Amino acid sequence: MAKQAKCVTFSTPSPKSIMSSLSSSTSFSQSPLNQTFSLSMVEETLDSTEPIIKKWDPNTKTISLFSHSRKQAKEFIRCVRDLRRAMHFLVSQHSQSPNLVLAHSLMEIAMSRLEKEFFMILSSNLDQLDPESVSGHSSISSYSEFEYVMQSDDEMEKASESISEVEKASALSYKMIRKSIVDEGLHLLRIQKCKISLFNRTDWSVLEPMIKNWIKAAKIGVTTLFRGEKLLCDHVFSASTTIRHTCFYEIANEAGLNLFSLPELVSNKEKKKLPERIFKLMDLYAAISDLRPDIELIFHFDSVAPVKTLAISSLKKFKNSIHTCLTEFELKIKKDSSKALTPGGGIHKLTRTTMSFISSLSEYSRVLAEILAEHAIKRNTRLLESYFTAPILEDEHINHHATSVHIAWLILVLLCKLDIKAESYKDVSLSYLFLVNNIRLVVDTVRSTHHLRNLLGDDWLTKHEAKLRSYTTNYENVAWAKVYQTVPARTSTTLSPDQAKTHFKRFHVAFEEAYMKQSSCVILDAKLRDEFKVSIARKLVPEYKEFYQKYLPMLREEINIEMLVRFKPDNLENYLSDLFHGTPMLSDSSSASSSSSSMSISLGCG
């Protein structure tokens with residue numbers, strides 16, 4: 001893996017300064033393609049270049065020319081450039097000249113020296129050649145300084161074959177060293193070639209951390225490792241498209257295919273797509289989708305195109321897999337066949353799992369927008385339109401409409417399923433309480449989940465909060481109306497003692513019955529539980545307190561008054577405070593006192 005960029009200073013001049021000095025140092029630098037050579041000028045060139053080139057014969061001198069002397073490096077490059085022009089003249093005008101043999105021999109020595117210098121620069125800067133240093137031209141200046149004499153062009157192709165042969169050898173050195181760096185980089189990123197047979201036997205629990213690591217590794221691998229190698233290769237071999245393409249292919253193609261083998265294998269792993277695996281699939285889709293512009297830029301030419309093709313192929317397969325998972329999830333809600341009733345009208349497991357899934361799904365709105373835009377899911381359009389109007393979200397990059405509609409549809413499918421389950425309760429009040437509990441969870445999840453709330457909008461919340469209030473009112477009317485009716489209205493005429501006794505008895509029976517039934521009910525949400533208690537108490541306790549204070553004195557002379565008037569107003573508050581925990585506190589033998597630990601509901605009744 002490429003390390004942090006470092007600024008490296010070589011003892012060699014910059015490319016521009018070298019070319020400038022060379023153009024002014026000899027007449028051969030003037031318009032090389034139009035330069036008029038003569039045999040005498042060729043001989044002068046050979047006489048001046050031979051001692052300098054032979055001095056740096058790599059077989060006799062092992063130190064680095066580029067590190068040894070800036071002046072001598074410039075001189076050596078000038079000699080090679082002039083020698084090349086002389087060879088071009090001999091090849092085109094005097095191909096049988098004996099001077100061509102000498103020139104050929106000198107060029108082989110020069111190319112061997114430059115190849116060796118090239119190898120030494122590569123070897124000594126393994127950890128300093130990265131995208132930043134390439135773009136800044138800080139650590140590869142030595143490449144540029146002999147780039148001019150090492151790359152092939154139209155003029156070069158007409159010169160001696162020895163030049164291209166040595167150039168190929170230099171490219172081979174480059175490929176060998178840089179490929180080892182790329183391979184080591186992927187190894188450090190924990191990217192290894194996957195065997196299909198072994199992968200298909202790997203459990204999903206093992207794959208999940210592998211996928212998580214791959215997503216992080218892929219970003220580094222593409223944007224740093226492969227992008228850096230592409231920039232470096234393009235810079236070093238800027239004069240030859242063929243050589244830089246060939247080099248990059250041999251350096252990066254196999255590694256690129258290895259990198260993108262895991263998502264391809266994941267996309268092919270199972271025919272049946274389980275809904276709960278959708279999130280890892282969307283993680284992979286989002287990661288590759290984000291990297292796609294870099295992938296297409298880096299692996300754009302034919303020889304490395306299979307890497308790009310593999311990545312894009314995985315994207316298409318993930319789209320299909322994610323779409324299938326969404327369909328399977330909807331079917332899972334519709335086909336839920338659990339017959340067991342939730343004790344006390346509490347929250348059903350289907351509601352919890354579905355809303356947890358939908359909440360997580362909303363965080364992938366961009367991915368869903370892309371997939372649903374291309375793969376619409378069949379649904380009851382008329383029912384959905386009457387139920388939901390998608391909010392307009394201001395996002396110039398993403399059209400969230402399809403995502404909003406699909407999320408709303410999934411929740412509607414859940415609510416319809418809950419309506420069916422509510423009908424299974426024999427007690428109507430429990431049916432309403434079941435709906436209250438479960439819709440409250442749905443509404444709270446939407447309200448507290450930022451992405452979900454944005455996708456569904458405030459109108460959706462307002463509509464469902466109204467439905468929640470309606471179910472709450474229905475529950476109270478069914479569960480407590482009989483108790484409310486046993487307390488005479490404040491505007492009624494004064495009751496006789498016998499009539500008062502009758503009302504006390506009816507109240508006691510109705511309250512005990514309602515309390516025993518409702519105290520086994522469950523409301524897990526503490527806020528909702530308190531709202532229910534307060535609502536019931538406000539309608540019941542003040543009325544009963546007034547009745548109690550008005551008619552109890554009338555019955556003071558009655559025998560067993562404690563059995564006749566079993567509940568004091570304060571006791572009612574305490575009993576009501578124990579409701580909806582699923583643990584009834586009242587029994588047939590109960591006295592007028594309640595559990596000392598009961599929480600009193602403050603109603604301002606004094």
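The values are calculated or read from the model by the stated rules, or taken from the named source; none is laboratory data. From a predicted model like this one, the values you see are computed outputs, not experimental measurements. Cβ sites come from the backbone with ideal geometry, for glycine too, and all protein chains shown count toward neighbours. What goes into the accessible areas is simple: the full protein's heavy atoms, side chains included, and nothing from ligands, DNA or RNA. Shrake-Rupley method; radii C 1.70, N 1.55, O 1.52, S 1.80 Å.
Criterion applied to LYS116, LYS74 was being open to solvent by 50 Å² or more (accessible area, probe 1.4 Å) and at pLDDT 85 or above, and the one residue passing it is LYS74.
Going through (1) of a type outside the set (A, V, I, L, M); (2) assigned to a loop (DSSP other than H, G, I, E, B); (3) more than 18 Å from PRO497 (Cβ to Cβ); (4) modelled with pLDDT of 75 or more one by one, LYS539 falls short only on (2).
Looking across region 217-258, the residues that are more than 22 Å from SER314 (Cβ to Cβ) and of a type in the set (S, T, N, Q) come down to SER238, SER240, THR241, THR242, THR246. Restricted to region 459-503, and to residues there that are of a type in the set (D, E, K, R) and open to solvent by 90 Å² or more (accessible area, probe 1.4 Å), the residue that is nearest to HIS400 (Cα to Cα) is ASP459.
The rows are residues; the columns are (1) surrounded by fewer than 17 Cβ atoms within 10 Å (Cβ to Cβ); (2) under 30 Å from the mean Cα position of the chain (by Cα).
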position	(1), (2)
ARG227	no, yes
LEU232	no, yes
SER240	no, no
ILE243	no, no
CYS247	no, no
GLU250	no, no
SER261	no, yes
LEU265	no, yes
ASN268	yes, yes
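Residues that are modelled with pLDDT under 90 and not in a loop (DSSP other than H, G, I, E, B): does region 465-472 have at least one? No, every residue in region 465-472 fails to be modelled with pLDDT under 90 and not in a loop (DSSP other than H, G, I, E, B).
Scoring LEU310 on the criteria (1) over 24 Å from TRP204 (Cβ atoms); (2) within 21 Å of the chain's Cα centre (by Cα) leaves a single failure, condition (1). One residue stands out in region 445-458 among those that are open to solvent by less than 40 Å² (accessible area, probe 1.4 Å) and either among the small types (Gly, Ala, Ser) or within 19 Å of LEU524 (Cβ to Cβ) (or both): the one that is modelled with the lowest pLDDT, namely GLY457. When we screen LEU281, LEU257, LEU265 for residues that are in a helix (DSSP H, G or I), within 17 Å of LEU225 (Cβ to Cβ) and of a type in the set (A, V, I, L, M), the only hit is LEU257. Checking each residue in region 504-519 for being buried (at least 18 other Cβ atoms within 10 Å of the Cβ) and over 18 Å from GLU546 (Cβ atoms) picks out GLU512, ALA514, TYR515, GLN518, SER519. Helices (runs of 4 or more DSSP H) fully within region 124-227 that include at least 2 residues being more than 17 Å from ILE251 (Cβ to Cβ) and at pLDDT below 85: 131-136, 141-150, 154-158, 161-188, 196-200. Here are THR486, THR462: which of them is at pLDDT below 95 and under 16 Å from LEU540 (Cβ atoms)? THR486 is the lone residue from the list that is at pLDDT below 95 and under 16 Å from LEU540 (Cβ atoms). Counting only residues that are at pLDDT 75 or above and open to solvent by 30 Å² or more (accessible area, probe 1.4 Å), region 390-401 holds 1 of them. Pairs meeting the criteria (first residue in region 245-264 and touching a residue at least 12 places away in the same chain (Cβ under 8 Å) and under 13 Å from ALA217 (Cβ atoms), second residue open to solvent by 50 Å² or more (accessible area, probe 1.4 Å) and among the aliphatic types (A, V, I, L, M), beta carbons under 8 Å, at least 6 apart or on different chains) are LEU262/MET210.
On the stretch given as region 361-378, residues that are closer than 19 Å to HIS451 by Cβ, open to solvent by 40 Å² or more (accessible area, probe 1.4 Å) and not aliphatic (A, V, I, L, M) total 4. ILE63 meets all of the listed conditions (1) of a type outside the set (Lys, Arg); (2) assigned to a helix (DSSP H, G or I); (3) surrounded by fewer than 15 Cβ atoms within 10 Å (Cβ to Cβ) but one, namely (2). So, of the residues in region 38-60 that are part of a loop (DSSP other than H, G, I, E, B) and of a type in the set (Ser, Thr, Tyr), which turns out to be most open to solvent (accessible area, probe 1.4 Å)? Looking at residues that are part of a loop (DSSP other than H, G, I, E, B) and of a type in the set (Ser, Thr, Tyr), I get THR60. Checking each residue in region 304-326 for being buried (at least 22 other Cβ atoms within 10 Å of the Cβ) and of a type in the set (Ser, Thr, Tyr) picks out SER314, SER321.
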